[in-house]
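The values are calculated or read from the model by the stated rules, or taken from the named source; none is laboratory data. All figures in this text were calculated on a predicted structure; none of them were measured in a lab. Every residue, glycine among them, receives a Cβ derived from its backbone with ideal geometry; neighbour counts consider all protein chains shown. Remember, those area values only see protein heavy atoms, side chains included, never the ligands or the DNA or RNA. Shrake-Rupley method; radii C 1.70, N 1.55, O 1.52, S 1.80 Å.
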Amino acid sequence: TTNTSYISNDQALNAFNDTHFCKLDRNDNVSPSCNVTFNELNAINKNIRDDLSGLLKSDFFKYFRLDLYKQCSFWDANDGLCLNRACSVDVVEDWDKLPEYWQPEILGSFNNNTMKEADDNDDECKFLDQLCQTGKKPVNIEDTINYCDINDFNGKDAVLIDLTANPERFTGYGGKQAGQIWSTIYQDNCFTIGETGESLAKDAFYRLVSGFHASIGTHLSKEYLNTKTGKWEPNLDLFMARIGNFPDRVTNMYFNYAVVAKALWKIQPYLPEFSFCDLVNKEIKNKMDNVISQLDTNIFNEDLVFANDLSLTLKDEFRSRFKNVTKIMDCVQCDRCRLWGKIQTTGYATALKILFEINDADEFTKQDIVGKLTKYELIALLQTFGRLSESIESVNMFEKMYGKRLNGTENRLSSFFQNNFFSILKKAGKSIRYTIENINNTKQEKEENDSSQAHAFEDLKVPQPKSVSKPAAGVENKWKKGWNTEINNVLEAFNFIYRSYVDLPRNIWKLTMTNAYKFWNKFIGVADYVSEEMQEPISYKLDIK
Ligand SMILES: Cc1cc2nc3c(=O)[nH]c(=O)nc-3n(C[C@H](O)[C@H](O)[C@H](O)COP(=O)(O)OP(=O)(O)OC[C@H]3O[C@@H](n4cnc5c(N)ncnc54)[C@H](O)[C@@H]3O)c2cc1C
(Lines give C-alpha, C1' and ligand atoms only; values in the text may rest on other atoms or scores of the structure.)
Protein backbone atom coordinates (compact mmCIF):
# COMPACT_ATOMS: atom_id res chain seq x y z
CA THR A 1 0.00 0.00 0.00
CA THR A 2 1.07 3.56 -0.57
CA ASN A 3 2.43 5.34 2.42
CA THR A 4 1.06 8.78 2.91
CA SER A 5 3.47 11.51 1.92
CA TYR A 6 1.80 14.06 4.15
CA ILE A 7 3.85 15.02 7.17
CA SER A 8 1.57 15.77 10.08
CA ASN A 9 2.41 18.12 12.90
CA ASP A 10 2.96 15.15 15.18
CA GLN A 11 5.42 13.62 12.75
CA ALA A 12 7.21 16.92 12.43
CA LEU A 13 7.39 17.18 16.21
CA ASN A 14 8.80 13.65 16.38
CA ALA A 15 11.28 14.52 13.67
CA PHE A 16 12.18 17.52 15.77
CA ASN A 17 13.56 15.14 18.40
CA ASP A 18 14.94 12.65 15.90
CA THR A 19 17.52 14.13 13.60
CA HIS A 20 18.93 10.79 12.49
CA PHE A 21 18.12 10.52 8.77
CA CYS A 22 17.18 6.96 7.81
CA LYS A 23 18.34 5.83 11.28
CA LEU A 24 21.54 4.36 9.84
CA ASP A 25 24.99 4.52 11.35
CA ARG A 26 27.12 5.52 8.38
CA ASN A 27 30.18 3.97 10.01
CA ASP A 28 28.63 0.50 10.07
CA ASN A 29 29.43 -2.07 7.41
CA VAL A 30 26.75 -2.27 4.72
CA SER A 31 26.14 -6.01 5.32
CA PRO A 32 27.97 -9.04 6.72
CA SER A 33 29.24 -9.82 3.21
CA CYS A 34 30.48 -6.25 2.57
CA ASN A 35 33.66 -5.20 4.33
CA VAL A 36 32.92 -1.58 3.62
CA THR A 37 30.96 1.11 5.46
CA PHE A 38 28.24 3.41 4.12
CA ASN A 39 30.63 6.33 4.46
CA GLU A 40 33.36 4.52 2.53
CA LEU A 41 30.95 3.73 -0.30
CA ASN A 42 29.83 7.38 -0.30
CA ALA A 43 33.45 8.46 -0.63
CA ILE A 44 34.13 5.98 -3.45
CA ASN A 45 31.01 7.11 -5.22
CA LYS A 46 31.99 10.76 -4.98
CA ASN A 47 35.35 10.00 -6.56
CA ILE A 48 34.01 8.04 -9.51
CA ARG A 49 30.91 10.14 -10.32
CA ASP A 50 32.41 12.28 -13.07
CA ASP A 51 34.17 9.50 -14.94
CA LEU A 52 31.18 7.21 -14.63
CA SER A 53 28.72 9.84 -15.90
CA GLY A 54 31.04 10.64 -18.81
CA LEU A 55 31.29 6.95 -19.66
CA LEU A 56 27.54 6.43 -19.61
CA LYS A 57 26.95 9.38 -21.89
CA SER A 58 29.54 8.15 -24.40
CA ASP A 59 28.27 6.84 -27.72
CA PHE A 60 29.30 3.35 -26.81
CA PHE A 61 27.32 3.12 -23.59
CA LYS A 62 24.37 5.39 -24.20
CA TYR A 63 22.55 3.20 -26.69
CA PHE A 64 20.73 0.05 -25.76
CA ARG A 65 19.04 -2.46 -27.97
CA LEU A 66 16.01 -4.31 -26.75
CA ASP A 67 12.84 -6.05 -27.82
CA LEU A 68 10.48 -3.81 -25.92
CA TYR A 69 7.34 -5.63 -26.89
CA LYS A 70 8.14 -9.19 -25.99
CA GLN A 71 5.16 -11.24 -24.87
CA CYS A 72 4.69 -11.39 -21.11
CA SER A 73 5.01 -15.08 -20.29
CA PHE A 74 3.55 -14.89 -16.79
CA TRP A 75 0.03 -13.62 -17.24
CA ASP A 76 -2.21 -11.81 -19.65
CA ALA A 77 -0.70 -8.34 -19.34
CA ASN A 78 -3.42 -6.31 -21.00
CA ASP A 79 -4.46 -4.91 -17.68
CA GLY A 80 -3.25 -1.59 -16.31
CA LEU A 81 -1.69 -0.10 -19.45
CA CYS A 82 0.15 3.13 -18.66
CA LEU A 83 -1.11 5.86 -20.96
CA ASN A 84 1.02 8.69 -19.60
CA ARG A 85 3.38 10.45 -22.01
CA ALA A 86 6.11 9.98 -19.40
CA CYS A 87 5.78 6.19 -19.71
CA SER A 88 6.76 6.16 -23.35
CA VAL A 89 10.18 5.57 -24.90
CA ASP A 90 11.51 7.63 -27.81
CA VAL A 91 13.29 5.35 -30.24
CA VAL A 92 16.05 6.60 -32.53
CA GLU A 93 14.84 7.83 -35.91
CA ASP A 94 17.53 10.25 -37.13
CA TRP A 95 20.17 7.66 -37.85
CA ASP A 96 22.49 10.13 -39.62
CA LYS A 97 23.62 11.60 -36.35
CA LEU A 98 24.71 8.26 -34.95
CA PRO A 99 28.29 6.98 -35.00
CA GLU A 100 29.21 4.48 -37.66
CA TYR A 101 28.94 1.40 -35.51
CA TRP A 102 25.29 2.16 -34.80
CA GLN A 103 24.32 2.70 -38.45
CA PRO A 104 21.42 0.62 -39.73
CA GLU A 105 23.55 -1.38 -42.15
CA ILE A 106 25.72 -2.57 -39.29
CA LEU A 107 22.84 -2.89 -36.93
CA GLY A 108 20.96 -4.69 -39.64
CA SER A 109 23.19 -7.65 -38.98
CA PHE A 110 21.43 -8.06 -35.68
CA ASN A 111 18.31 -9.07 -37.45
CA ASN A 112 20.24 -11.77 -39.21
CA ASN A 113 19.80 -15.13 -37.56
CA THR A 114 23.36 -16.07 -38.31
CA MET A 115 24.77 -13.14 -36.41
CA LYS A 116 26.18 -15.21 -33.60
CA GLU A 117 28.20 -17.35 -35.95
CA ALA A 118 31.92 -16.71 -36.21
CA ASP A 119 33.11 -15.27 -39.48
CA ASP A 120 36.80 -14.74 -40.03
CA ASN A 121 36.25 -11.98 -42.56
CA ASP A 122 34.01 -9.85 -40.44
CA ASP A 123 35.13 -6.52 -39.17
CA GLU A 124 35.37 -6.80 -35.40
CA CYS A 125 33.06 -3.83 -34.97
CA LYS A 126 30.26 -5.61 -36.72
CA PHE A 127 30.00 -8.14 -33.94
CA LEU A 128 27.94 -5.84 -31.96
CA ASP A 129 26.50 -8.48 -29.72
CA GLN A 130 30.01 -9.32 -28.61
CA LEU A 131 32.55 -6.95 -27.20
CA CYS A 132 34.62 -6.71 -30.37
CA GLN A 133 37.54 -8.53 -28.77
CA THR A 134 40.61 -8.42 -30.93
CA GLY A 135 41.68 -11.78 -32.13
CA LYS A 136 38.66 -13.44 -30.53
CA LYS A 137 35.52 -14.51 -32.25
CA PRO A 138 32.09 -14.82 -30.76
CA VAL A 139 31.42 -18.34 -29.62
CA ASN A 140 28.21 -20.19 -28.88
CA ILE A 141 26.57 -18.60 -25.93
CA GLU A 142 25.83 -21.23 -23.30
CA ASP A 143 22.82 -20.72 -21.17
CA THR A 144 23.99 -22.60 -18.11
CA ILE A 145 25.84 -19.61 -16.73
CA ASN A 146 23.44 -16.83 -17.60
CA TYR A 147 21.19 -15.07 -15.10
CA CYS A 148 19.13 -13.42 -17.84
CA ASP A 149 17.98 -14.15 -21.37
CA ILE A 150 20.73 -12.60 -23.47
CA ASN A 151 18.66 -13.09 -26.61
CA ASP A 152 16.42 -10.21 -25.55
CA PHE A 153 18.84 -7.87 -27.29
CA ASN A 154 19.09 -9.34 -30.73
CA GLY A 155 15.58 -10.38 -31.65
CA LYS A 156 14.18 -9.10 -34.93
CA ASP A 157 11.81 -6.77 -33.10
CA ALA A 158 14.52 -5.16 -31.01
CA VAL A 159 14.79 -1.37 -31.21
CA LEU A 160 17.71 0.90 -30.54
CA ILE A 161 17.21 3.39 -27.75
CA ASP A 162 19.23 6.43 -26.74
CA LEU A 163 19.18 6.16 -22.97
CA THR A 164 20.18 9.78 -22.42
CA ALA A 165 16.97 10.79 -24.20
CA ASN A 166 14.85 8.43 -22.11
CA PRO A 167 15.89 8.99 -18.50
CA GLU A 168 14.50 6.85 -15.75
CA ARG A 169 12.18 9.08 -13.72
CA PHE A 170 8.64 9.45 -12.44
CA THR A 171 6.15 8.11 -14.97
CA GLY A 172 2.98 7.78 -12.97
CA TYR A 173 3.04 4.01 -13.52
CA GLY A 174 1.76 2.22 -10.45
CA GLY A 175 -1.35 0.71 -9.00
CA LYS A 176 -2.41 -2.91 -9.10
CA GLN A 177 -0.33 -3.89 -12.13
CA ALA A 178 2.97 -2.54 -10.78
CA GLY A 179 2.14 -4.04 -7.38
CA GLN A 180 1.55 -7.41 -9.04
CA ILE A 181 4.99 -7.27 -10.71
CA TRP A 182 6.73 -6.44 -7.45
CA SER A 183 4.93 -9.10 -5.44
CA THR A 184 5.71 -11.74 -8.12
CA ILE A 185 9.36 -10.75 -7.96
CA TYR A 186 9.45 -10.96 -4.16
CA GLN A 187 7.71 -14.33 -4.28
CA ASP A 188 10.57 -15.57 -6.44
CA ASN A 189 12.62 -15.43 -3.27
CA CYS A 190 10.87 -18.57 -1.92
CA PHE A 191 13.75 -20.96 -2.39
CA THR A 192 12.98 -24.67 -2.14
CA ILE A 193 16.57 -25.71 -1.50
CA GLY A 194 18.65 -25.07 1.59
CA GLU A 195 15.94 -23.98 3.97
CA THR A 196 18.49 -24.01 6.76
CA GLY A 197 22.04 -22.77 6.86
CA GLU A 198 21.89 -21.05 3.50
CA SER A 199 20.24 -17.84 4.48
CA LEU A 200 22.97 -15.71 2.93
CA ALA A 201 21.95 -16.69 -0.61
CA LYS A 202 18.29 -15.96 0.13
CA ASP A 203 19.30 -12.81 1.93
CA ALA A 204 21.36 -11.73 -1.07
CA PHE A 205 18.46 -12.43 -3.44
CA TYR A 206 16.03 -10.41 -1.34
CA ARG A 207 18.49 -7.56 -0.93
CA LEU A 208 19.11 -7.44 -4.69
CA VAL A 209 15.41 -7.18 -5.47
CA SER A 210 14.66 -4.74 -2.68
CA GLY A 211 17.69 -2.59 -3.54
CA PHE A 212 16.58 -2.54 -7.19
CA HIS A 213 13.06 -1.56 -6.11
CA ALA A 214 14.42 1.14 -3.78
CA SER A 215 16.73 2.46 -6.47
CA ILE A 216 13.77 2.92 -8.85
CA GLY A 217 11.86 4.64 -6.04
CA THR A 218 14.81 6.95 -5.44
CA HIS A 219 15.03 7.96 -9.09
CA LEU A 220 11.33 8.62 -9.42
CA SER A 221 11.46 10.72 -6.23
CA LYS A 222 14.49 12.61 -7.47
CA GLU A 223 12.93 13.39 -10.84
CA TYR A 224 9.33 13.89 -9.90
CA LEU A 225 6.95 15.91 -12.03
CA ASN A 226 5.65 18.87 -10.08
CA THR A 227 2.24 19.21 -11.70
CA LYS A 228 1.91 22.78 -10.45
CA THR A 229 5.08 24.14 -12.04
CA GLY A 230 5.54 21.52 -14.78
CA LYS A 231 9.12 21.04 -13.60
CA TRP A 232 10.98 17.86 -12.79
CA GLU A 233 12.27 18.21 -9.28
CA PRO A 234 13.16 16.19 -6.16
CA ASN A 235 10.26 15.25 -3.91
CA LEU A 236 11.56 14.72 -0.39
CA ASP A 237 8.24 13.53 1.03
CA LEU A 238 7.87 10.89 -1.63
CA PHE A 239 11.44 9.74 -1.03
CA MET A 240 10.89 9.53 2.72
CA ALA A 241 7.59 7.70 2.32
CA ARG A 242 9.01 5.15 -0.13
CA ILE A 243 12.63 4.75 0.96
CA GLY A 244 13.98 7.20 3.52
CA ASN A 245 11.78 5.93 6.33
CA PHE A 246 12.97 2.36 5.68
CA PRO A 247 16.68 2.03 6.60
CA ASP A 248 16.72 -1.55 5.24
CA ARG A 249 15.75 -0.30 1.76
CA VAL A 250 18.51 2.30 1.83
CA THR A 251 20.95 -0.38 3.00
CA ASN A 252 19.90 -2.69 0.18
CA MET A 253 20.72 -0.02 -2.41
CA TYR A 254 24.22 0.25 -0.95
CA PHE A 255 24.41 -3.56 -0.97
CA ASN A 256 23.57 -3.63 -4.68
CA TYR A 257 26.15 -0.94 -5.30
CA ALA A 258 28.75 -3.16 -3.60
CA VAL A 259 27.70 -6.23 -5.64
CA VAL A 260 27.91 -4.49 -9.01
CA ALA A 261 31.10 -2.66 -8.03
CA LYS A 262 32.76 -5.94 -7.12
CA ALA A 263 31.75 -7.47 -10.47
CA LEU A 264 33.36 -4.53 -12.25
CA TRP A 265 36.44 -4.90 -10.10
CA LYS A 266 36.62 -8.55 -11.18
CA ILE A 267 36.69 -7.80 -14.88
CA GLN A 268 39.43 -5.20 -14.60
CA PRO A 269 42.30 -7.68 -15.33
CA TYR A 270 40.63 -8.51 -18.64
CA LEU A 271 40.03 -4.92 -19.64
CA PRO A 272 43.13 -4.66 -21.88
CA GLU A 273 41.72 -7.50 -23.98
CA PHE A 274 38.43 -5.71 -24.60
CA SER A 275 38.10 -3.76 -27.76
CA PHE A 276 35.43 -1.10 -27.94
CA CYS A 277 36.16 -0.49 -31.62
CA ASP A 278 39.00 1.78 -32.67
CA LEU A 279 37.29 5.13 -32.55
CA VAL A 280 36.48 5.11 -28.85
CA ASN A 281 38.57 2.27 -27.57
CA LYS A 282 41.26 4.22 -25.73
CA GLU A 283 38.99 6.83 -24.24
CA ILE A 284 36.51 4.27 -22.93
CA LYS A 285 39.20 2.04 -21.52
CA ASN A 286 40.78 4.98 -19.70
CA LYS A 287 37.52 6.04 -18.19
CA MET A 288 36.63 2.48 -17.20
CA ASP A 289 40.04 2.11 -15.66
CA ASN A 290 39.62 5.35 -13.70
CA VAL A 291 36.32 4.11 -12.32
CA ILE A 292 37.36 0.54 -11.54
CA SER A 293 40.70 1.50 -9.98
CA GLN A 294 38.76 3.29 -7.20
CA LEU A 295 37.10 0.00 -6.19
CA ASP A 296 38.61 -2.88 -4.26
CA THR A 297 38.03 -6.51 -3.42
CA ASN A 298 36.71 -5.82 0.12
CA ILE A 299 33.60 -4.14 -1.22
CA PHE A 300 31.78 -7.46 -1.43
CA ASN A 301 32.69 -11.04 -0.53
CA GLU A 302 30.86 -13.25 -2.99
CA ASP A 303 32.49 -16.38 -1.48
CA LEU A 304 30.16 -16.13 1.50
CA VAL A 305 26.96 -16.35 -0.53
CA PHE A 306 27.19 -19.97 -1.63
CA ALA A 307 29.46 -21.33 1.03
CA ASN A 308 28.54 -24.96 1.72
CA ASP A 309 27.78 -28.34 0.13
CA LEU A 310 24.39 -27.29 -1.13
CA SER A 311 25.94 -24.42 -2.96
CA LEU A 312 25.89 -25.89 -6.47
CA THR A 313 22.21 -26.80 -6.47
CA LEU A 314 21.33 -23.60 -4.67
CA LYS A 315 23.28 -21.60 -7.19
CA ASP A 316 21.29 -23.20 -10.03
CA GLU A 317 18.06 -22.29 -8.28
CA PHE A 318 19.32 -18.80 -7.60
CA ARG A 319 20.24 -18.40 -11.27
CA SER A 320 16.92 -19.61 -12.63
CA ARG A 321 14.97 -17.51 -10.14
CA PHE A 322 16.90 -14.41 -11.06
CA LYS A 323 16.35 -15.18 -14.74
CA ASN A 324 12.65 -15.15 -13.92
CA VAL A 325 13.01 -11.68 -12.45
CA THR A 326 14.49 -10.43 -15.72
CA LYS A 327 11.65 -12.11 -17.66
CA ILE A 328 8.96 -10.53 -15.48
CA MET A 329 10.18 -7.20 -16.84
CA ASP A 330 8.41 -8.09 -20.11
CA CYS A 331 5.13 -7.75 -18.20
CA VAL A 332 5.75 -4.15 -17.10
CA GLN A 333 3.15 -2.08 -18.92
CA CYS A 334 5.06 1.18 -19.15
CA ASP A 335 7.69 1.25 -21.88
CA ARG A 336 10.10 3.53 -20.07
CA CYS A 337 9.83 1.49 -16.85
CA ARG A 338 10.21 -1.75 -18.80
CA LEU A 339 13.29 -0.44 -20.60
CA TRP A 340 15.06 0.55 -17.38
CA GLY A 341 13.74 -2.50 -15.55
CA LYS A 342 15.22 -4.72 -18.25
CA ILE A 343 18.52 -2.85 -18.30
CA GLN A 344 18.92 -3.02 -14.54
CA THR A 345 17.90 -6.64 -14.12
CA THR A 346 20.28 -7.50 -16.97
CA GLY A 347 22.98 -5.47 -15.22
CA TYR A 348 22.47 -7.40 -11.99
CA ALA A 349 22.32 -10.69 -13.92
CA THR A 350 25.66 -9.86 -15.54
CA ALA A 351 27.18 -8.95 -12.17
CA LEU A 352 25.96 -12.26 -10.69
CA LYS A 353 27.40 -14.19 -13.63
CA ILE A 354 30.77 -12.50 -13.18
CA LEU A 355 30.75 -12.96 -9.41
CA PHE A 356 29.48 -16.49 -9.11
CA GLU A 357 30.48 -18.21 -12.32
CA ILE A 358 34.11 -17.23 -12.55
CA ASN A 359 34.74 -17.64 -8.86
CA ASP A 360 36.21 -21.13 -8.65
CA ALA A 361 36.98 -21.39 -12.34
CA ASP A 362 40.48 -21.82 -13.78
CA GLU A 363 42.06 -18.94 -15.63
CA PHE A 364 41.07 -20.24 -19.06
CA THR A 365 37.38 -20.55 -18.09
CA LYS A 366 37.46 -17.11 -16.47
CA GLN A 367 38.79 -15.56 -19.65
CA ASP A 368 36.25 -17.48 -21.65
CA ILE A 369 33.32 -16.25 -19.54
CA VAL A 370 34.45 -12.64 -19.59
CA GLY A 371 35.29 -12.99 -23.28
CA LYS A 372 31.74 -14.14 -23.99
CA LEU A 373 30.15 -11.15 -22.34
CA THR A 374 27.93 -9.47 -24.88
CA LYS A 375 28.08 -5.79 -25.54
CA TYR A 376 24.61 -5.38 -24.07
CA GLU A 377 25.52 -7.17 -20.89
CA LEU A 378 28.44 -4.80 -20.44
CA ILE A 379 26.32 -1.74 -21.21
CA ALA A 380 23.66 -3.01 -18.78
CA LEU A 381 26.30 -3.63 -16.11
CA LEU A 382 27.73 -0.12 -16.41
CA GLN A 383 24.30 1.52 -16.71
CA THR A 384 23.09 -0.34 -13.61
CA PHE A 385 26.16 0.81 -11.74
CA GLY A 386 25.36 4.32 -12.95
CA ARG A 387 21.79 4.03 -11.63
CA LEU A 388 23.04 2.86 -8.24
CA SER A 389 25.68 5.56 -8.17
CA GLU A 390 22.96 8.14 -8.76
CA SER A 391 20.79 6.52 -6.09
CA ILE A 392 23.55 6.86 -3.53
CA GLU A 393 24.20 10.44 -4.54
CA SER A 394 20.45 11.09 -4.27
CA VAL A 395 20.27 9.56 -0.77
CA ASN A 396 22.92 12.06 0.32
CA MET A 397 21.11 14.88 -1.45
CA PHE A 398 17.80 13.96 0.21
CA GLU A 399 19.58 13.75 3.56
CA LYS A 400 20.69 17.37 3.12
CA MET A 401 17.18 18.42 2.12
CA TYR A 402 15.81 16.61 5.15
CA GLY A 403 18.35 18.36 7.40
CA LYS A 404 17.42 21.74 5.94
CA ARG A 405 13.74 21.10 6.42
CA LEU A 406 14.37 19.89 9.95
CA ASN A 407 16.30 23.06 10.74
CA GLY A 408 13.54 25.12 9.22
CA THR A 409 10.95 23.19 11.20
CA GLU A 410 13.07 23.51 14.32
CA ASN A 411 13.35 27.27 13.90
CA ARG A 412 9.69 27.67 13.12
CA LEU A 413 8.67 25.39 15.98
CA SER A 414 10.98 27.07 18.47
CA SER A 415 9.81 30.44 17.24
CA PHE A 416 6.23 29.18 17.64
CA PHE A 417 6.87 27.92 21.14
CA GLN A 418 8.73 31.10 22.06
CA ASN A 419 6.15 33.46 20.67
CA ASN A 420 2.77 31.86 20.98
CA PHE A 421 0.11 33.46 23.09
CA PHE A 422 0.82 31.40 26.21
CA SER A 423 4.55 32.08 26.01
CA ILE A 424 3.81 35.75 25.70
CA LEU A 425 1.63 35.48 28.76
CA LYS A 426 4.37 33.49 30.47
CA LYS A 427 6.88 36.17 29.49
CA ALA A 428 4.51 38.78 30.75
CA GLY A 429 4.21 36.85 34.02
CA LYS A 430 7.98 36.66 34.17
CA SER A 431 8.37 40.37 33.64
CA ILE A 432 5.77 41.13 36.32
CA ARG A 433 7.66 38.80 38.63
CA TYR A 434 10.89 40.45 37.52
CA THR A 435 9.54 43.92 38.32
CA ILE A 436 8.22 42.85 41.74
CA GLU A 437 11.44 40.97 42.48
CA ASN A 438 13.43 44.01 41.44
CA ILE A 439 11.45 46.26 43.71
CA ASN A 440 11.86 43.79 46.58
CA ASN A 441 15.56 43.48 45.85
CA THR A 442 15.95 47.20 45.76
CA LYS A 443 14.08 47.43 49.08
CA GLN A 444 16.22 44.71 50.59
CA GLU A 445 19.41 46.24 49.24
CA LYS A 446 18.38 49.59 50.67
CA GLU A 447 17.58 48.08 54.06
CA GLU A 448 20.86 46.17 54.00
CA ASN A 449 22.68 49.35 53.04
CA ASP A 450 20.94 51.26 55.78
CA SER A 451 21.72 48.63 58.37
CA SER A 452 25.33 48.24 57.24
CA GLN A 453 25.65 51.99 57.37
CA ALA A 454 24.12 51.87 60.85
CA HIS A 455 26.72 49.32 61.88
CA ALA A 456 29.45 51.46 60.42
CA PHE A 457 28.20 54.58 62.13
CA GLU A 458 27.68 52.56 65.29
CA ASP A 459 31.30 51.52 65.13
CA LEU A 460 32.41 55.10 64.53
CA LYS A 461 30.11 56.34 67.23
CA VAL A 462 28.83 59.17 65.02
CA PRO A 463 25.11 60.24 64.57
CA GLN A 464 23.22 58.18 61.77
CA PRO A 465 21.87 60.01 58.70
CA LYS A 466 18.04 60.09 58.34
CA SER A 467 16.61 57.35 55.98
CA VAL A 468 15.51 58.48 52.46
CA SER A 469 11.72 58.34 52.10
CA LYS A 470 11.49 58.90 48.26
CA PRO A 471 12.21 55.84 45.91
CA ALA A 472 15.59 56.03 44.15
CA ALA A 473 15.63 57.18 40.44
CA GLY A 474 16.68 53.60 39.26
CA VAL A 475 13.59 52.04 40.86
CA GLU A 476 11.36 54.56 39.14
CA ASN A 477 12.90 53.63 35.76
CA LYS A 478 12.34 49.91 36.38
CA TRP A 479 8.67 50.52 37.11
CA LYS A 480 8.38 52.42 33.87
CA LYS A 481 10.23 49.68 31.94
CA GLY A 482 8.02 46.97 33.45
CA TRP A 483 4.91 48.92 32.52
CA ASN A 484 6.10 49.32 28.90
CA THR A 485 6.91 45.61 28.66
CA GLU A 486 3.42 44.77 29.85
CA ILE A 487 1.83 47.03 27.25
CA ASN A 488 4.02 45.53 24.52
CA ASN A 489 3.15 41.99 25.55
CA VAL A 490 -0.57 42.73 25.51
CA LEU A 491 -0.23 44.33 22.06
CA GLU A 492 1.77 41.33 20.78
CA ALA A 493 -0.88 38.95 22.09
CA PHE A 494 -3.63 40.92 20.34
CA ASN A 495 -1.59 41.02 17.16
CA PHE A 496 -1.15 37.25 17.29
CA ILE A 497 -4.87 36.65 17.77
CA TYR A 498 -5.67 39.08 14.97
CA ARG A 499 -3.18 37.37 12.57
CA SER A 500 -4.65 33.95 13.41
CA TYR A 501 -8.08 35.17 12.29
CA VAL A 502 -6.67 36.76 9.14
CA ASP A 503 -4.82 33.54 8.23
CA LEU A 504 -7.78 31.29 8.97
CA PRO A 505 -9.43 31.41 5.50
CA ARG A 506 -6.06 30.76 3.82
CA ASN A 507 -5.43 27.76 6.07
CA ILE A 508 -8.92 26.37 5.51
CA TRP A 509 -8.36 26.77 1.74
CA LYS A 510 -5.03 24.90 1.97
CA LEU A 511 -6.57 22.11 3.98
CA THR A 512 -9.39 21.75 1.46
CA MET A 513 -6.98 21.78 -1.49
CA THR A 514 -4.69 19.21 0.17
CA ASN A 515 -7.55 16.80 0.59
CA ALA A 516 -8.89 17.54 -2.89
CA TYR A 517 -5.42 16.77 -4.34
CA LYS A 518 -5.25 13.52 -2.44
CA PHE A 519 -8.74 12.55 -3.49
CA TRP A 520 -8.01 13.42 -7.14
CA ASN A 521 -4.74 11.44 -7.15
CA LYS A 522 -6.55 8.47 -5.68
CA PHE A 523 -9.33 8.86 -8.23
CA ILE A 524 -6.96 8.90 -11.26
CA GLY A 525 -4.81 6.19 -9.72
CA VAL A 526 -1.46 7.96 -9.41
CA ALA A 527 0.80 7.82 -6.37
CA ASP A 528 -0.56 9.55 -3.29
CA TYR A 529 1.22 12.83 -3.76
CA VAL A 530 0.54 16.22 -2.35
CA SER A 531 2.60 19.10 -3.64
CA GLU A 532 5.38 20.46 -1.44
CA GLU A 533 3.53 23.63 -0.55
CA MET A 534 0.38 21.71 0.29
CA GLN A 535 2.28 19.33 2.49
CA GLU A 536 3.59 22.04 4.72
CA PRO A 537 1.81 21.70 8.02
CA ILE A 538 -0.52 24.58 8.45
CA SER A 539 0.65 25.54 11.91
CA TYR A 540 4.13 26.20 10.50
CA LYS A 541 2.65 28.62 8.04
CA LEU A 542 1.49 30.89 10.83
CA ASP A 543 4.00 33.63 10.62
CA ILE A 544 4.22 34.36 14.27
CA LYS A 545 6.69 36.96 15.45
C1 LIG B 1 10.06 -3.01 -13.03
C2 LIG B 1 9.39 -1.73 -12.62
C3 LIG B 1 9.95 -0.55 -13.02
C4 LIG B 1 9.34 0.66 -12.65
N5 LIG B 1 9.89 1.83 -13.07
C6 LIG B 1 9.29 3.00 -12.76
C7 LIG B 1 9.80 4.24 -13.24
O8 LIG B 1 10.80 4.30 -13.95
N9 LIG B 1 9.13 5.38 -12.90
C10 LIG B 1 8.00 5.34 -12.12
O11 LIG B 1 7.45 6.39 -11.84
N12 LIG B 1 7.51 4.18 -11.67
C13 LIG B 1 8.11 3.02 -11.97
N14 LIG B 1 7.58 1.85 -11.51
C15 LIG B 1 6.45 1.89 -10.57
C16 LIG B 1 6.98 2.02 -9.10
O17 LIG B 1 8.01 1.09 -8.83
C18 LIG B 1 5.88 1.75 -8.08
O19 LIG B 1 5.35 0.49 -8.30
C20 LIG B 1 4.76 2.79 -8.16
O21 LIG B 1 5.31 4.07 -8.03
C22 LIG B 1 3.72 2.57 -7.05
O23 LIG B 1 4.38 2.65 -5.80
P24 LIG B 1 3.73 2.18 -4.44
O25 LIG B 1 4.11 3.15 -3.39
O26 LIG B 1 2.30 1.86 -4.66
O27 LIG B 1 4.49 0.84 -4.01
P28 LIG B 1 5.37 -0.09 -4.87
O29 LIG B 1 6.69 0.59 -5.13
O30 LIG B 1 4.61 -0.60 -6.04
O31 LIG B 1 5.68 -1.28 -3.85
C32 LIG B 1 4.70 -2.27 -3.47
C33 LIG B 1 4.98 -2.70 -2.04
O34 LIG B 1 6.28 -3.26 -1.95
C35 LIG B 1 6.90 -2.90 -0.71
N36 LIG B 1 8.15 -2.20 -1.01
C37 LIG B 1 8.30 -0.99 -1.60
N38 LIG B 1 9.59 -0.72 -1.77
C39 LIG B 1 10.28 -1.76 -1.25
C40 LIG B 1 11.65 -2.06 -1.14
N41 LIG B 1 12.59 -1.25 -1.63
N42 LIG B 1 12.01 -3.21 -0.54
C43 LIG B 1 11.08 -4.06 -0.07
N44 LIG B 1 9.75 -3.84 -0.17
C45 LIG B 1 9.36 -2.71 -0.76
C46 LIG B 1 5.92 -2.03 0.02
O47 LIG B 1 5.25 -2.81 0.95
C48 LIG B 1 5.01 -1.52 -1.06
O49 LIG B 1 3.75 -1.23 -0.59
C50 LIG B 1 8.16 0.64 -11.88
C51 LIG B 1 7.60 -0.58 -11.49
C52 LIG B 1 8.20 -1.76 -11.86
C53 LIG B 1 7.57 -3.07 -11.45
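The table that follows gives values for the structure above.
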| quantity | calculated |
| --- | --- |
| Å² of accessible area per residue within segment 172-262, as computed with a 1.4 Å probe and no ligands counted | 36 Å² |
| Sequence-distant residues sharing a close amide H with Gly155 (under 5 Å, placed H) | Asp67 |
| Karplus-derived 3J(HN,Hα), 6.51/-1.76/1.60, for each residue of segment 341-349, Hz, glycine and proline x | x, 5, 4, 6, 5, 5, x, 5, 4 |
| For Lys481, solvent-accessible area (1.4 Å; no DNA, RNA or ligand), Å² | 140 Å² |
| Hz values of 3J(HN,Hα) by residue in segment 362-369 - Karplus curve (6.51, -1.76, 1.60), Gly and Pro given as x | 6, 4, 5, 5, 4, 4, 5, 5 |
| Heavy atoms of Cys22: accessible area, 1.4 Å probe, square angstrom to 10 | 10 Å² |
| Per residue accessible area in Å² of segment 300-404, where ligands, DNA and RNA are left out and the probe is 1.4 Å | 30 Å² |
| Relative packing of 23-34, 374-385, which averages over residues the other C-beta atoms within 10 Å, highest first | 374-385, 23-34 |
| Karplus-derived HN-Hα couplings along segment 51-62 (A = 6.51, B = -1.76, C = 1.60, θ = phi - 60°), whole Hz, x at Gly and Pro | 5, 5, 4, x, 4, 6, 8, 5, 4, 5, 9, 7 |
